[in-house]
Amino acid sequence: MGWNLGLYNGSGSLQFKCPVKRRFLREGNIPNLGAAKYRRLISPRIPSGVTAFVWMAAFFSFINPGQAQPVLQVLHNHVRPVVTSGQAASVGFLPSAQRLNLVIHMPVRNQDELASLINRLSDPTSPDYRHWLSVAEFTERFGRTEAEYQKLADFTQANGFAVTYMSPNRLMLVIRGKVAQIEKAFNVKMRTYQHPAENRIFYSPDREPSFALDVPVSHISGLNNYSYPRPGGGPRPTELSAANHAGGPGATGSGPGGAFLGSDMRAAYNMGSNTGSGQTLGLAEFAGYTPSDVSLYFSNIHQTNSVPITNIVVDGGSATTWNNANDEGEVCLDIEQALSVAPGLSQLRLYIGPENFGVGVDGFIFSQMATDNIAKQLSNSWWWSPDDPTTDDPYFMEMATQGQTFFSISGDHGAYTGINLIDEGYPAEDDHVTVVGGTALTTAGAGGAWQSEVVWNDFGEGSGGGPADDGATYFPIQSWQSPVINSSNGGSTTLRNSPDVALQANFVNYICYNNGSCAGNWDSRFPPQRFRPRS
């Protein structure tokens, strides 16, 4: 509880115990208290002649190198601006016994070498062209060392957390623990706040996390739940349905009411006999679904699905439950369109995370997609507002070295503004993903060939484009965009343009969802799942 000091006052040794050591260690060092205050705290029973000696002995015990406090590692971008500005009103604290999931991310090693390798892998003139790495090779060159990764795991366990997942790439660690453990380990208080734009309470640390660990950490996801992943797809808004209840211009598909099916894309985009034979497709999802909805889709359109669906449930997710019909609708739309456009797939892998994990689960899903390294085409049709837009980039970079292509929706409402809640664009601004925009397609008839196509800006509700921007950084133009930029298309010759590619996406898509509901007026905002695997 305290410490013992042995003093000599001329008549022998005097032993006493100081009861205030822990208080000093907690509140600061002795000189900040002032000598007089310190003397009053410890000297009532000590002869005045030895008080100065006691003070000096105690002082030197604090500056003993063996007892020195380690330097704290301080992170950034965990407290949202609405909290730091006071816009979100504090309403209380999280219960100390409540348990949370956290994902601890570590930065890649040899960042410059990794960026150079990615460029060489896609350069036909390089000896490294398409010489993809295995997960083990990526980890050995760019993951953290085994010692560093183990040190992180040891730190979390020493602070009472349960380690629930250790990633093969040694770049992220998933832990679970009580709020009290989080507050103690990371020197924060977990408060609750009224969301300024939504009718709900969210939690957040009151300050940036700091902790005594000498291996690098880039971010701790899950410390706040300010933003939840939201589906890109949805039914046609009421005001637009009144304007064109049949499904919008270009409704020339082979589905009910002229709605497009996934299979229509093969004829419209001249895919020929390419059905994805022998390939595996991976989808990132943040809700579960009802398998009978998928079966009903194929029954209604008189097609048969023979592709096995593998559900990979990530850290508390559920393959069969969801919060609302639009969430389940996004999952069903992704599955139905993908299987209809690519009926020859060997497997469809759904990576399903929990909706109530907030933005913490995205890195977990992307890391597992990369380290499974089974699906070479990966797709995301959800958007969210991240704490830090750079958090997931190492996993996209790993995919790029392993020959995995990650497609993501581009977002709505015009060109990038740099404000994620308006752009609905993340992770589209990451320059290691392929961004898919939307068009309004007209075919030569049901199941027919391409006839015409324009950018989808349906009654002002569709997408524009612009330079990719994460709010702080504009990304340089990518090599595949440079040859096609000219005065007629108005793209930037120096900055990466968004989207990279585009195809049919407006409100003319058939879907079955929500335990048996079927409709032909869904948009796919946008349809990365329609980019069929290469044969």
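Considering segment 110-184 at the alpha-carbon level, its Rg and Dmax are found to be 17.1, 55 Å.
Going by average Cβ neighbours within 10 Å, how do the peptides 323-331, 119-127 rank, with the highest at the top?
323-331, 119-127
With the simple spin-label model, which puts each label point 7 Å out from Cα in the Cβ direction, the Thr310 to Ala89 separation comes to 5.1 nm. For Ser498, the residues whose amide H sits under 5 Å from its own are Gly466, Ala468, ignoring neighbours fewer than 5 places away on the same chain, with H placed 1.01 Å from N. For Thr439, the residues whose modelled amide H falls within less than 5 Å of its own, excluding neighbours fewer than 5 places apart on the same chain, are Trp456, Leu503, Gln504, Ala505, Asn506. Multiplying the residue separation of Gln451 and Ala212 by 0.36 nm and subtracting their alpha-carbon distance yields 79.8 nm. Straightening the chain between Ala115 and His302 buys 62.6 nm, computed as 0.36 nm per residue apart minus the Cα-Cα spacing. Computed over protein heavy atoms with a 1.4 Å probe, the accessible surface of segment 282-360 works out to 30 Å² per residue.
Measuring nothing but protein heavy atoms, the accessible surface of segment 277-375 at 1.4 Å probe radius is 44 percent carbon and sulfur.
In this structure the amide hydrogen of Tyr165, modeled in the peptide plane, comes within under 5 Å of the amide hydrogens of Val174, none closer than 5 places in sequence on its chain. For segment 97-197, the fraction of 1.4 Å probe accessible surface lying on carbon and sulfur atoms is 48 percent. Here each label is just a point 7 Å from Cα along the line to Cβ, and for Gln98 and Glu140 those points are 4.5 nm apart. Taking a point 7 Å from the Cα of Asn515 along the Cα-to-Cβ direction, the residues of segment 280-317 with backbone N closer than 12 Å to it are 290. Between Thr493 and Ala158, full extension at 0.36 nm per residue minus the direct alpha carbon distance yields a gain of 115.4 nm. Put simply, when 262-271, 200-209, 279-288 are sorted by average Cβ atoms within 10 angstrom per residue, most first, you get 279-288, 262-271, 200-209. Residues Val163, Val79, sorted by accessible area with the largest first, give Val163, Val79 [1.4 Å probe; ligands and nucleic acids excluded].
The values are calculated or read from the model by the stated rules, or taken from the named source; none is laboratory data. For clarity, every value in this text was computed on a predicted model and none was experimentally measured. Virtual Cβ from ideal backbone geometry, glycine too; neighbours counted across all protein chains shown. Note: accessible area is taken over every heavy atom of the protein model, side chains too, but ligands, DNA and RNA are not part of it. Shrake-Rupley method; radii C 1.70, N 1.55, O 1.52, S 1.80 Å.
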